[in-house]
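Notes follow the structure.
The values are calculated or read from the model by the stated rules, or taken from the named source; none is laboratory data. Bear in mind the structure is a predicted one, so any value in this text is a computation, not a measurement. Neighbour counts are summed over all protein chains in view; Cβ atoms, including those assigned to glycine, are modelled from backbone coordinates with ideal geometry. SASA here: full protein model, heavy atoms, side chains in, ligands and nucleic acids out. Shrake-Rupley method; radii C 1.70, N 1.55, O 1.52, S 1.80 Å.
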Amino acid sequence: MSRTADVTVGTAAPREVTFKNTWSWDDYWTLGVPVDLEEGPNKVTFGNASAWAPNIDRIELGRVIG
């Protein structure tokens, strides 16, 4: 089952994203979510107040140019 999570960066409004599963209960496709980061420390929060959110093992950051 695909799961959704709210992604919040700092004090910005949460953004709901859907993580699609790979037909396994604990494995999801990689999902790119563009966010704006400020210089210095940033707090990124994942959550879902109304249902299960996916278990997130790793976050990769990459710069988007263009």
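Brief remarks follow.
- Condition check for residue 15: basic (Lys, Arg), surrounded by 10 or more Cβ atoms within 10 Å (Cβ to Cβ) and within 11 Å of the chain's Cα centre (by Cα): yes
- Out of 53, 13, sole residue that is of a type in the set (A, V, I, L, M) and at pLDDT 90 or above: 13
Residue by residue, here is whether (1) among the small types (Gly, Ala, Ser); (2) within 24 Å of residue 65 (Cβ to Cβ); (3) open to solvent by less than 40 Å² (accessible area, probe 1.4 Å) holds:
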position: 5; (1), (2), (3): yes, no, yes
position: 10; (1), (2), (3): yes, yes, no
position: 25; (1), (2), (3): no, no, no
position: 30; (1), (2), (3): no, yes, no
position: 35; (1), (2), (3): no, yes, no
position: 39; (1), (2), (3): no, yes, no
position: 49; (1), (2), (3): yes, no, no
position: 53; (1), (2), (3): yes, no, yes
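- All positions within the stretch 55-66 that are surrounded by 10 or more Cβ atoms within 10 Å (Cβ to Cβ) and hydrophobic (A, V, I, L, M, F, W, C): 56
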